[in-house]
1. Filter region 137-167 down to residues that are closer than 30 Å to Cys51 by Cβ, exposed (fewer than 13 other Cβ atoms within 10 Å of the Cβ) and either among the basic types (Lys, Arg) or in contact with a helix residue (DSSP H, G or I) (Cβ under 9 Å, 6 or more places away or on another chain) (or both), then give me how many there are.
2. Name, by its number, the condition in (1) out of contact with any Gly (no Cβ under 8 Å at 6 or more places or on another chain); (2) in a helix (DSSP H, G or I) that does not hold for Glu167.
3. In region 92-150, how many are part of a loop (DSSP other than H, G, I, E, B), of a type outside the set (Val, Ile, Thr) and under 20 Å from the mean Cα position of the chain (by Cα)?
4. Please go through region 138-189 and give me each residue that is of a type in the set (Ser, Thr, Tyr) and closer than 27 Å to Gly57 by Cα, ordered by number.
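What follows is calculated from the coordinates using simple rules that are stated; it is not laboratory data. No experiment lies behind these values; they were computed from the predicted model shown. Because the Cβ atoms are built from the backbone with ideal geometry, glycine has one as well, and the counts that use them run over all protein chains shown.
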Amino acid sequence: MALRTWIEGWPAYRQMTSGDPLGRGAAAKSGPSGRLTPRTASADRAVRSVCPYCAVGCGQQVYVRDGRVTQIEGDPDSPVSRGRLCPKGAASKQLVTASSRQTKVRYRRPHGTEWEDLDLDTAMDMIADRVLETRRRTWEDTDDEGRVLRRTLGFASLGGATLDNEENYLMKKLYTALGAVEIENQARI
C-alpha cells in the first residue's frame, strides 16, 4: 500500500491520470505547493497606484495588511500596462519596505565629512532660505539696454517622470512666480 501511495504522489503519475496531460494544473502541485497561498490573499485592502520608476506610468495594485505593504503587482485595469510590470516595477515593494530605506532627512554641511539628521521643518526652512537668497542675489530686473526682464537664472526646475500634468502645472506656477525661466517636466498623462 505504501508503494501505491508513493506512486500516486509522483508528478508523472498524477499528470497521466488526472486529465492534466500537460502538467499545468493539479498534476504540477505537490503537497507543499498545494498548501501555498498568494501573498495577496492576506491583505486587508488593495490600493491603486502608479509605478514611480519611469515615464510610462504603469498601473500598480499595492496590497496592504495592518498598514504595511505586503505585495505590489500590476493593475490589470490599467490602460497603460494592462497588468504588466517591468522588473523594476515588480520590485518596487523594496522602495517602502527595504531596511536600508532612508526615512530621515540627511544633511552634510559644506566641507563636512559626516551626515547629520535634521527634522523636516528645519530642512524645509533651509531650502526656502536658499531659494529666496539665490533669487535675491541673481535677480535681473532689466537688461543692459533697460528692457524689463524680471527673472532669475539662479535656479531651474525639472519635474520628474512620476509627476502628472496637474502637479507639473503647479510647479510651473510656483517657479514662474519665483521668476525662474528654465522650467521643464516629463509629464506622462
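1. 1
2. Here Glu167 meets the rest and fails (1).
3. Residues in region 92-150 being part of a loop (DSSP other than H, G, I, E, B), of a type outside the set (Val, Ile, Thr) and under 20 Å from the mean Cα position of the chain (by Cα): 8 in total.
4. Matches in region 138-189: Ser157, Thr162, Tyr169, Tyr175, Thr176.
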